[in-house]
Amino acid sequence: MKEDLAANQSGDWELYALLDIFPPAIRQALTRLSNLHDLIEVILDLGRLPEARFPHDFGYLSQVPVDADDIAYVVGRIGAFGKDNRAGIEQTLHRISCLRNRSGKIVGLTSRVGRAVYGTIDIILDVVRSGKSILLLGKPGVGKTTMLREVARVLSSGDLRKRVVIVDTSNEIAGDGDVPHAGIGHARRMQVDVPANQHAVMIEAVENHMPEVIVIDEIGTEAEALAARTIAERGVQLIGTAHGIDLDSLMVNPTLSDLIGGIGAVTLSDEEAKRRGTRKTVLERKAPPTFDVVIEIQDRNRLAIHAPVDEVVDAMLRGHEPQPEIRVRNERGGVEVVQKAEAQTVQTRYDGGNGHRSRPAVARAGSVVTRSLNAQYDEDAGEEEEHETVRVFPYGVSRSKIERAVSNLRVPAQVVRHWDEADIVLTLKALERRDHGKLKAMASQNVPIYALKTNTTSQIQSCMRDLFDLPTMDDEELALREAEEAVYQVMLHSKPVELSPQSSYIRRLQHQMAEKYSLQSRSTGTEPNRRVRVFKEALQ
């Protein structure tokens, strides 16, 4: 067709490759549209008029209803449909999804236009380049996948040249076929055979291909959320998307709330509840978030940035209204910050007395946790008092490991850059023994110095537990962590894993964890060596 040739010459060949799959009458109606370049999708439903949909409008392409021959015409010109009922067109980003009747016959098609739009992440380029893990949140069709594709291109090309691997479940990010679309830059693409295996491919990407960045579209199941957590914990930057209206909707989503640390009901002691001025059962974040930053895509030119996620979520659980940084793209194409972020930290209260800082009474994160999200805190409680934070100066100790220990234990501590601002100093015993200058100066100013045997997160956490009078990690928590790691291994390798011998109560909790991720488990052995075995399929 002459129109097709002209489109090729003008660089619009991908759009016309989509048009070419439709029957002649529908294709001709599409090419006559004046707003063709705003087209979002074409709908063909058996017995109904064919539709062209645009951002804020739709129109009929013919007054003749779609029949079975029209649908067969399209199906014969595209790739095969996968288990997710999606197909594509070789070397393009278009996605064709089908509707089936009860016998499996295709009775409807949604042909969505895929475009590689360059420059879409200029509005968050500083966040993307920071190396932090980012979750893009928004409604379907708002442009999450387009931004994800551009993130992969920017991070893998130019001056960054990072090792980027895309886990492409539906071939929507890098297009259909074995050769990925040029829109992903130098990133590599791993295809997924069936959507149910997406979580396993995510972990395989980390273990086999040494990526610095993993890009994943549409995290939607507990297994995928669990895989995302283990990827982030291995030091890989994770860029992902999820469906949701805002951060509030993510917090109450039982499947995806783990991406921001998970929300659980915690029962406090009488003393702690009285000190906080709340009821005994309150909502708490259960773990460090998988993602450092959550970006709400409100529309294509307006974004809300929540960071750091742990502080924002904790503040929201205390009833504070989040105030994220809001950025917009103006008519000239520039980026404006129309609302600056407000600090969201809600710190644990200290018992004041005699002008001296006392050790904090901190609720244990793992105590009496349930799955219910219906527990409430006392909204009528008065405003919280100003609470002091323990300022820590690291001398020969890793700053990032201290921050990780503080996040894990959820204690009110902050790392400072100058010792004269610090309440305590963390150093190593080896440095303490041979240092005769700086540490003596600190000691002369009555700054307490805590010496660690080794520069590890566990040593730092142990020190923090002593500092804040926290109980040591008990057998129950250790056993559940072991069960969680076993779940990772079984999901990845499909081989049974035996856990350490435990009491009947803890074994029951381990069975519940296996059941949560649709795995099977069985207790084997005799007391006192009876233990749980986790496996994927029924043992013979």
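The values are calculated or read from the model by the stated rules, or taken from the named source; none is laboratory data. Keep in mind the model is a prediction, meaning the values are calculated, not measured. Because the Cβ atoms are built from the backbone with ideal geometry, glycine has one as well, and the counts that use them run over all protein chains shown.
Would you be able to say whether some residue in the range 95-102 is touching a Ser or Thr at 6+ places or on another chain (Cβ under 7 Å) and over 30 Å from ILE305 (Cβ atoms)? Yes, because at least one residue in the range 95-102 is touching a Ser or Thr at 6+ places or on another chain (Cβ under 7 Å) and over 30 Å from ILE305 (Cβ atoms). Taken together, ILE219, ILE260 contain a single residue that is within 17 Å of TYR517 (Cα to Cα) and buried (at least 21 other Cβ atoms within 10 Å of the Cβ), which is ILE219. Remark: pairs (first residue in the range 309-334, without any contact (Cβ under 8 Å) to a residue 40 or more places away in the chain; second residue polar (S, T, N, Q) and buried (at least 17 other Cβ atoms within 10 Å of the Cβ); Cβ separation under 7 Å; 6+ apart in sequence or on different chains) = GLU311/GLN344; ALA315/GLN344; HIS320/GLN344.
Residues of the range 171-183 include at least one that is out of contact with any Cys (no Cβ under 6 Å at 6 or more places or on another chain), without any contact (Cβ under 8 Å) to a residue 60 or more places away in the chain and surrounded by fewer than 18 Cβ atoms within 10 Å (Cβ to Cβ). Checking each residue in the range 134-150 for being in a helix (DSSP H, G or I) and surrounded by fewer than 23 Cβ atoms within 10 Å (Cβ to Cβ) picks out LYS144, THR145, THR146. Could you check how many residues of the range 295-327 are farther than 22 Å from GLY131 by Cα and either among the β-branched types (Val, Ile, Thr) or not in a strand (DSSP E or B) (or both)? The number of residues fulfilling the criteria is 12. Screening the range 43-113 for strands (runs of 3 or more DSSP E) wholly inside it with 2 or more residues that are in contact with a Lys or Arg (Cβ under 8 Å, 6 or more places away or on another chain) returns the ranges 86-88, 95-100, 106-112. Whether any residue in the range 271-290 is at pLDDT 90 or above and within 30 Å of ILE40 (Cβ to Cβ) is what I want to check. No, the range 271-290 contains no residue that is at pLDDT 90 or above and within 30 Å of ILE40 (Cβ to Cβ).
Residues checked against (1) under 23 Å from ASP178 (Cα atoms); (2) surrounded by fewer than 17 Cβ atoms within 10 Å (Cβ to Cβ); (3) touching a helix residue (DSSP H, G or I) at 6+ places or on another chain (Cβ under 7 Å); (4) outside the structural domain of ILE21 (by TED's automatic domain parsing):
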site: PHE54; (1), (2), (3), (4): no, yes, yes, no
site: ARG95; (1), (2), (3), (4): yes, no, no, no
site: GLY108; (1), (2), (3), (4): no, no, no, no
site: SER130; (1), (2), (3), (4): no, yes, no, yes
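Considering only the range 162-183, I want to know if a residue exists there that is basic (Lys, Arg) and more than 25 Å from PRO140 (Cβ to Cβ). Yes: the range 162-183 contains one or more residues that are basic (Lys, Arg) and more than 25 Å from PRO140 (Cβ to Cβ).
Residues in the range 403-429 that are modelled with pLDDT under 80 and either in a helix (DSSP H, G or I) or over 34 Å from the mean Cα position of the chain (by Cα) (or both): SER407, ASN408, LEU409. Look at ILE239 and say whether it is under 23 Å from GLU311 (Cβ atoms), surrounded by fewer than 16 Cβ atoms within 10 Å (Cβ to Cβ), assigned by TED's automatic domain parsing to the domain that holds LEU148 and in contact (Cβ under 8 Å) with a residue 60 or more places away in the chain. No: the conditions fail for ILE239. For the range 54-95, residues that are within 34 Å of the chain's Cα centre (by Cα) and free of Cβ contacts under 8 Å to residues at least 40 places away in the same chain total 8. Applying the condition of being among the aromatic types (Phe, Trp, Tyr) and outside any loop (DSSP other than H, G, I, E, B) to the range 480-521 and asking which residue is nearest to the chain's Cα centre (by Cα) yields TYR488.
Of the set (1) at pLDDT below 90; (2) in contact with a helix residue (DSSP H, G or I) (Cβ under 7 Å, 6 or more places away or on another chain); (3) part of a loop (DSSP other than H, G, I, E, B), all apply to ILE21 but (1).
Considering only the range 76-89, state which residues are of a type in the set (A, V, I, L, M, F, W, C) and out of contact with any Phe, Trp or Tyr (no Cβ under 8 Å at 6 or more places or on another chain). Hits for the range 76-89 are ILE78, ALA80, PHE81, ILE89. Can you name the residue in the range 410-428 that is of a type in the set (D, E, K, R) and in contact (Cβ under 8 Å) with a residue 40 or more places away in the chain and, of all such residues, is nearest to PRO308 (Cα to Cα)? Among residues in the range 410-428 that are of a type in the set (D, E, K, R) and in contact (Cβ under 8 Å) with a residue 40 or more places away in the chain, the one nearest to PRO308 (Cα to Cα) is ARG410. Residues that are of a type in the set (A, V, I, L, M) and either within 10 Å of the chain's Cα centre (by Cα) or not assigned by TED's automatic domain parsing to the domain that holds VAL127 (or both) occur in the range 269-281; there is at least one. In the range 197-213, the residues that are under 11 Å from ALA228 (Cα atoms) form Cβ pairs under 6 Å with partners that are crowded, with 16+ Cβ neighbours inside 10 Å and not hydrophobic (A, V, I, L, M, F, W, C), at six or more places apart or across chains, as follows: GLN198/THR169; GLN198/GLU224; HIS199/GLU224. Once the range 431-452 is narrowed to residues that are free of Cβ contacts under 8 Å to residues at least 12 places away in the same chain and within 20 Å of MET464 (Cα to Cα), the residue that is surrounded by the most Cβ atoms within 10 Å (Cβ to Cβ) is ALA443.
Residues in the range 70-80 that are under 22 Å from GLY47 (Cα atoms) and either hydroxyl-bearing (Ser, Thr, Tyr) or modelled with pLDDT under 90 (or both): TYR73 only.
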